[in-house]
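Step one of this worksheet: look at the structure below.
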Amino acid sequence: MTELRQRVAHEPDAPPEDKESESEAKVDGETASDSESRAESAPLPVSADDTPEVLNRALSNLSSRWKNWWVRGILTLAMIAFFFIIIYLGPMVLMIIVMCVQIKCFHEIITIGYNVYHSYDLPWFRTLSWYFLLCVNYFFYGETVTDYFFTLVQREEPLRILSKYHRFISFTLYLIGFCMFVLSLVKKHYRLQFYMFGWTHVTLLIVVTQSHLVIHNLFEGMIWFIVPISCVICNDIMAYMFGFFFGRTPLIKLSPKKTWEGFIGGFFATVVFGLLLSYVMSGYRCFVCPVEYNNDTNSFTVDCEPSDLFRLQEYNIPGVMQSVIGWKTVRMYPFQIHSIALSTFASLIGPFGGFFASGFKRAFKIKDFANTIPGHGGIMDRFDCQYLMATFVNVYIASFIRGPNPSKLIQQFLTLRPDQQLHIFNTLRSHLIDKGMLTSTTEDK
Amino acid sequence: MLELRHRGSCPGPREAVSLPHREGEAAGGDHETESTSDKETDIDDRYGDLDSRTDSDIPEIPPSSDRTPEILKKALSGLSSRWKNWWIRGILTLTMISLFFLIIYMGSFMLMLLVLGIQVKCFHEIITIGYRVYHSYDLPWFRTLSWYFLLCVNYFFYGETVADYFATFVQREEQLQFLIRYHRFISFALYLAGFCMFVLSLVKKHYRLQFYMFAWTHVTLLITVTQSHLVIQNLFEGMIWFLVPISSVICNDITAYLFGFFFGRTPLIKLSPKKTWEGFIGGFFSTVVFGFIAAYVLSKYQYFVCPVEYRSDVNSFVTECEPSELFQLQTYSLPPFLKAVLRQERVSLYPFQIHSIALSTFASLIGPFGGFFASGFKRAFKIKDFANTIPGHGGIMDRFDCQYLMATFVHVYITSFIRGPNPSKVLQQLLVLQPEQQLNIYKTLKTHLIEKGILQPALKV
């Protein structure tokens, strides 16, 4: 009934005719059950093999199973190396990469939606979907940019107006898209159009908000970006390895290849990996300091006095472990304790994101989201476990690490009315005097 | 093959139509298990049809049962059917409007409860439609999960608003302090629990259905719950910001209907054949005038104009304040052409009335798009009304479809043009910071205030 139309797929001759007759039958309003059964019995067309020629030749001698393993392995190493290069290049490049990944994920999911709903012949959808993506990105980037680039924005007149009325402008842009959608409703295709509208919005909710939370985490300090993502990747790889070597008991019906041994082994391996990685990274300022925009040099700098989280402290080892390890105290960064929480989340709850994506693929009868990465599938296939991780890290930081952003508060304060400013100032003053931070005599300065 | 199952009545051609299909789908598998496996694959395939079929294949829904109360029926039994319908609608309209006035009289807390009640009912109506469309009676987890997600999102939003406005109340109670401080984490954990339950509840042959319901729930939450919380935020800004927009939308509905009834000739949009350009434009002008007058009348009373505050000593909501400049009469010089018409040099207006023109314009020009969206939705899913709650009118959603965008617009308008961020929220965030950060901010603020002359350097009060 619903086969995946691959854009570059090389298909045997029979299915295209099936598809054509099927779409004609649907347009004519016939019951399409017969063509559906034909499509059901025909196997899914094999997607085009995107593996580069050089790899193909190099591995042409090996058997098919090992070839697949080698292709996956090489691509994994290539992606990890790419990741390191980008970290080296700095926060600006990271932001751009996050943005590109977001756009590609959005494109993949929307393409699946188009395939499922056969909506090639309604060109407004594509325009509207991309337009909504633009609006939501504009809204989110405006909110972040205004916070972090506050001084830059205040200097330039057009930017200042844009930031002052930012919400209104974003809302107007969204409204225009909404009205265009309503005006584009075509008589026989209402349901289809509403489905696409819903599909677009849910995709935006998943993809765009996560990517902006990732960027927020990045600005907090690159370590908050690198450690969570590495933990998820490590959990993927370790669970696969443990499952490969020791896997026996299936974990969940959704993903028959996952096993309990892989799950638990991956959990412990990821926690250890997280501890080691955060130990290594906490030593370097460039990872630990919040990213700031320096007005003078017009670039991003990561230079600061590391906070308490990233200074070595002595901890007493509890009695039970003292006998095992033979040490009384251990020097750790407090951040490593937090990394245990992050790794635990990555191993226990992260896989649910993967099951969600597996269920989604089964529901819509697709094997992979797309064919971007040979041996792995689309970008979404790689990032499906990361969905919840970014939100968790952001919520974790906001709840346990730091409070609200002081510069943002000052900025909000400056937009208030004078009597409100005075009221807040006096309340803050009495609060500080209560706490003993301020005495009445220091006021005289 | 796919028609909606109505709870009350349903013709049964479905079985007859689907039989020939089952025979055609015997693709492999044992013959003994053929019927059951076909039936199971049928469910998923039929919903797949749902995706790709054009709307014309889906038959009409039989009319739903009539819920008009008996007394009305007896009173109007003499009239013809058309006038009877008109009278029912009219009486119900007056009933709803008087109910609205009554609740306004009872105060802001009752209004908040009313908004919450409407939100829950709208959510229920849309989810019920989703259930019918997807025949998901037999998967009880959906209902539980949908209501659970509604609870989570409401908890999140109420926590954000309550914490701001009840800052003093909250500071007193220990447990509430804990809940507020880790509010986001708790809300996220609750949502995650729902998400994991959803993943664990995926049943083999019903994946697509379950994903559709999941997405349907989330989009409904996005529409109804966020709007209702923006309405409550507007309410806290001052009841006039709640009353004038809603009244403008209702007035636009009624006057556009009346103008269309008496003068309607040119159809407006194919989606809603009953709407006409005459109704649209007539409704626009009358709504602007109505909004202008309503703003003038309401701006006089402190009860409507002041921000709602919670006083811990009396443990209730009070609306008492010095009205801001927006609600103080000012004289404006009229532009020349109006001078000639009205023969007055100046006029005293509340500045709020100028804003009310913007609100009424939005209500008349863009508000109807919310109505068209709902009409398109009803046509797409072949339903006549969202539900049967109000006799003659349909469901609660039918009455509130034009209000969707209004609440968001008013909220964005207030934050952009009227006031900046919420002062109590700023204060609350300040109090959460580390003491050193607070000290730094204090020094920055002090220099700023002294520069602006708001604070005298010598005073130490």
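Using the Cβ-Cβ distance between B:THR266 and B:ASN85 with R0 = 25 Å, the FRET efficiency computed as 1/(1 + (r/R0)^6) comes to roughly 0.55. With the simple spin-label model, which puts each label point 7 Å out from Cα in the Cβ direction, the A:GLU156 to A:ILE337 separation comes to 4.4 nm. Computed 3J(HN,Hα) for the stretch A:386-391, one whole-Hz value per residue from the Karplus formula 6.51 cos²θ - 1.76 cosθ + 1.60 where θ = phi - 60°, is 7, 3, 7, 5, 4, 5, glycine and proline marked x. Grab the other residues whose beta carbon is less than 12 angstrom from that of A:TYR240, score K and R as +1, D and E as -1, and report the net. After counting each charged neighbour, the total is +1.
Convert each backbone phi in the stretch A:209-215 into a coupling constant with the Karplus relation 6.51 cos²θ - 1.76 cosθ + 1.60 (shift: θ = phi - 60°), then list the ³J(HN,Hα) values in order as whole Hz, x for Gly and Pro. Once θ is set to phi - 60°, the couplings for the stretch A:209-215 become 5, 4, 5, 6, 5, 4, 5 Hz. Any of B:LYS121/B:LYS384; A:LYS188/B:LYS204; B:LYS300/B:LYS452; B:LYS205/B:LYS384; A:LYS67/B:LYS204 with alpha carbons more than 26 Å apart? Name them for me. Where the Cα-Cα span goes over 26 Å, the pairs concerned are A:LYS188/B:LYS204; B:LYS300/B:LYS452; B:LYS205/B:LYS384; A:LYS67/B:LYS204. For each pair in A:LYS365/B:LYS382; B:LYS275/B:LYS382; A:LYS328/A:LYS435; B:LYS84/B:LYS274, compute the distance between the two Cα atoms and list the pairs where it is over 29 Å. Over 29 Å apart, Cα to Cα: A:LYS328/A:LYS435.
So, R0 is 25 Å and r is the distance between the beta-carbons of A:ASP147 and A:MET180; what FRET efficiency does that work out to, to 0.05?
Rounded to the nearest 0.05, the efficiency is 0.25.
Per residue of B:270-277, other chain Cβ atoms within 10 Å of the residue Cβ number 1 on average.
Per-residue mean of foreign Cβ neighbours for B:376-385 is 3 (Cβ atoms of other chains, 10 Å radius). Amide H contacts of A:THR259 (H built 1.01 Å from N, in plane; Pro and chain starts excluded): A:LEU251 sit under 5 Å, all sequence-distant by 5 or more or on other chains. The residue among B:TYR350, B:GLN302, B:LEU334 whose Cα reaches farthest toward the positive pole of the charge dipole of the stretch B:293-391, with charges on the beta-carbon of Lys, Arg, Asp and Glu, is B:LEU334.
Per residue of A:178-191, other chain Cβ atoms within 10 Å of the residue Cβ number 6 on average. Distance from the alpha carbon centroid of the stretch B:228-259 to that of the stretch B:324-369 works out to 18 angstrom.
Expressed per residue, the C-alpha convex hull volume of the stretch B:142-254 stands at 115 Å³.
Using θ = phi - 60° in the Karplus curve 6.51 cos²θ - 1.76 cosθ + 1.60, the 3J(HN,Hα) couplings for the stretch A:323-331 round to 5, 6, 8, x, 10, 8, 10, 9, 9 Hz; x is entered for Gly and Pro. Its Kirkwood hydrodynamic radius, worked out from the mean inverse distance over all distinct Cα pairs, puts the stretch B:296-363 at 14.2 Å.
Could you put A:ILE226, B:ILE396 in order of accessible surface area, largest first, with the 1.4 Å probe and the full protein assembly present?
My answer, sorted largest first, is B:ILE396, A:ILE226.
Ordered by solvent-accessible area of protein heavy atoms (1.4 Å probe), largest first, the residues B:TYR257, B:TYR207 come out as B:TYR257, B:TYR207. Using the Cβ-Cβ distance between B:LYS443 and A:ARG65 with R0 = 60 Å, the FRET efficiency computed as 1/(1 + (r/R0)^6) comes to roughly 0.35. For the stretch A:229-379, the alpha-carbon coordinates run over 54, 52, 21 Å along the three principal axes, in decreasing order.
Ordered by solvent-accessible area of protein heavy atoms (1.4 Å probe), largest first, the residues B:ASP385, B:ASP398 come out as B:ASP385, B:ASP398. For the peptides B:176-185, A:135-144, the ranking by mean Cβ contacts within 10 Å, running from highest to lowest, is A:135-144, B:176-185.
The values are calculated or read from the model by the stated rules, or taken from the named source; none is laboratory data. Predicted, not measured: the structure shown is a model, and the values here were computed from it. Ideal geometry is used to build each Cβ from the backbone, glycine not excepted, and the neighbour counts take in all protein chains shown. Accessible surface is based on the protein model in full, side chains and every heavy atom, while ligands, DNA and RNA are left aside. Shrake-Rupley method; radii C 1.70, N 1.55, O 1.52, S 1.80 Å.
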